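Only one structure is covered here, and it is reproduced in the block below.
Rule-based calculations on the coordinates, nothing more; no lab input. Keep in mind it's a predicted model, so treat the numbers as computed, not measured. Cβ atoms come from the backbone with ideal geometry, glycine included; neighbour counts cover every protein chain shown.
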Amino acid sequence: TTQGHSMTWKRYHRYGDIVRYLEYLAFRYPNMLELITIGHSYEGQPIKMAKVSTGLNKDGERKPAIWIDAGMHGREWIGSAVVTYILSQLVERNSTYSKLLDNSDWMILPVVNPDGYEYSHISDRFWRKTRSNHVESQEDSRYTPSNLLQFVTHYTRWFWTKCEGVDPNRNFAYHWGEEKEGRASSDPCHETYSGPFAFSEPETKAMADYILANKQHIRMYLTLHSYSQMWLLPWSHTRTKPSDYSDMINVAKKAINAIAKVHGTHYQLGPVTDLMYPISGSSDDWAKGVAGIKYAYTVELRDRGTYGFLLPATQIVPTAREIWAGIRAIARLVTCN
Ligand code: ING
Ligand code: ZN
């Protein structure tokens, strides 16, 4: 096309289109956008993060940054569409957002799990996990005369169920692998398999390494999921509240109020333990508990179940507009010293 990329926000795009758009932005706006390959997926795809910055602040220091990731779960396409929309606003409409960019840097990772994202486009629309294989290395997958039964059972189960992959949002190294009453499983064939060990997945490891190396600059951690329209805050692994819980709630309230003003969309606010169930090894808990980022949130985007993961593409722009309004409403609050 004449515009140099194929992103439309009128349909959902494959990972290749998203990467080409990031490359286009890096080429077209080299003074604002740096494209960083933070690692590679299990299947070898590059994991690309866009860092948006208009340079040092007036005191010659790096500006406080806001991190946003999406596409941790394959089937949750809306998140990646929303963050690329946010990127397009920040970068291609930078004069509108010059005040915002004077005070903050942005680190935007559109697809944390490119293997799962692509698999959900090509093979299984409802694929959630990564695409690694931790089962073949298990003992019962090798035949010996004494384990014939286990061997046959193993491969029968392997054939009929979806045992590949790990749930990235159970794979972070903070209270990892605690099953409790919650939804994290040690069964590789389960949707919420937490992996053989924390950060077993190259995708979560790459993200965590990058965040740790830059944690002193990051003031807010946002991870976009879908669906159910909720603005969730830590802790996710326990019903205990963080000591600065009221600060976190106050900021989040401003976000959901700003969201509601755009199209009247209502987002519920609370810890995931109240609104859903306790979960161990999630990225928001890790961002707060290990990386020490005070404002760490998981946002569950549209809708509330009418279409669920199959959210029509006509809702990309409305969803993106309201979420961008919500994030802008709190960006200044979290970045002023
Ligand atoms: N939901 C999240 C999940 O990973 C969640 C819910 C929120 C977990 C916050 C942990 C922390 O299960 C989706 N849709 O993935
Ligand atoms: Zn998710």
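Rounded to the nearest 0.05, the FRET efficiency derived from the C-beta distance between Gln150 and Gln216 at R0 = 35 Å is 0.10.
Both radii are taken from the alpha-carbon atoms of region 19-70; with Rh as the Kirkwood radius, Rg/Rh is 1.04. With neighbours defined as other Cβ atoms within 10 Å of a residue's Cβ, the residues Lys129, Lys99 order from fewest to most as Lys99, Lys129.
Taking every DSSP beta bridge with both residues inside the chain, roughly what % is antiparallel (nearest 5)?
Percent antiparallel among DSSP bridges in the chain is about 35.
Listed peptides 41-50, 235-244, 75-84 appear in the order 75-84, 41-50, 235-244 once ranked by packing, highest mean of other Cβ atoms within 10 Å at the front. For the chain, the Cβ-based charge dipole about the Cα centre amounts to some 1160 debye (Lys, Arg positive; Asp, Glu negative; other atoms uncharged). Sorted fewest first by neighbouring Cβ atoms within 10 angstrom, Cys336, Cys163, Cys189 come out as Cys336, Cys189, Cys163. Based on Cα atoms of region 152-268, Rg over Rh with Rh as the Kirkwood radius reads 1.05. Across the options Tyr277, Leu232, Ile330, the greatest Cα extent toward the positive end of the charge dipole of the chain (unit charges at beta carbon of Lys, Arg, Asp, Glu) belongs to Ile330. Once you divide the Cα radius of gyration of region 251-337 by 2.2 N^0.38 Å, the number left is 1.18. Near Ser226, the amide H atoms lying under 5 Å from its own belong to Leu301; only residues 5 or more places off or on other chains count, and H is placed 1.01 Å from N.
Across region 1-101, counting alpha-carbon atoms alone, Rg and Dmax equal 14.3, 43 Å. Remark: relative contact order (the chain) = 20 percent; criterion is Cα-Cα distance under 8 angstrom and separation of 6 or more residues. Residues Glu322, Glu300, ranked from the fewest to the most other C-beta atoms within 10 Å, line up as Glu300, Glu322.
Between Ile36 and Ala260, the simple label model (points 7 Å from Cα in the Cβ direction) yields a spacing of 3.7 nm. Spin-label pair Asp17-Ala313: with each label point 7 Å from Cα along the Cα-Cβ axis, the two points sit 0.5 nm from one another. Summarising the label geometry, the points placed 7 Å from Cα in the beta-carbon direction at Thr306 and Ser123 lie 3.3 nm from one another. Segment Arg93..Glu179, full-extension length gain: 26.4 nm, with 0.36 nm per residue of separation and the alpha-carbon distance subtracted.
Restricting the trypsin sites (Lys or Arg not before Pro) of region 267-337 to loop positions (DSSP other than H, G, I, E, B) with no more than 15 neighbouring Cβ atoms within 10 Å leaves Arg304.
Among the cysteines of the chain, those with no neighbouring cysteine Cβ under 4.7 Å are Cys336. The relative contact order of region 30-147, computed from alpha carbon pairs under 8 Å that lie at least 6 residues apart in sequence, is 31 percent. Annotation: extensible slack from Asn250 through Ser186 equals 19.5 nm (criterion: 0.36 nm per residue apart, minus Cα-Cα distance).
Given the pairs Lys63/Lys288; Lys99/Lys241; Lys58/Lys99; Lys63/Lys294, which are separated by over 23 angstrom at their Cα positions? It would help to have the intermediate numbers written out before the result.
On the way: Lys63/Lys288 20 Å; Lys99/Lys241 34 Å; Lys58/Lys99 13 Å; Lys63/Lys294 16 Å.
Where the Cα-Cα span goes over 23 Å, the pairs concerned are Lys99/Lys241.
Take the Cα radius of gyration of region 155-224 and divide it by 2.2 N^0.38 Å, N being the number of residues; the result is 1.29.
Using every pair of separate Cα atoms, the Kirkwood estimate puts the hydrodynamic radius of region 85-237 at 18.3 angstrom.
If you take the alpha carbon atoms of the chain and fit the smallest convex hull around them, that volume is 135 Å³ per residue. Relative contact order of region 218-297: 49 percent, from C-alpha pairs under 8 Å at least 6 residues apart in sequence.
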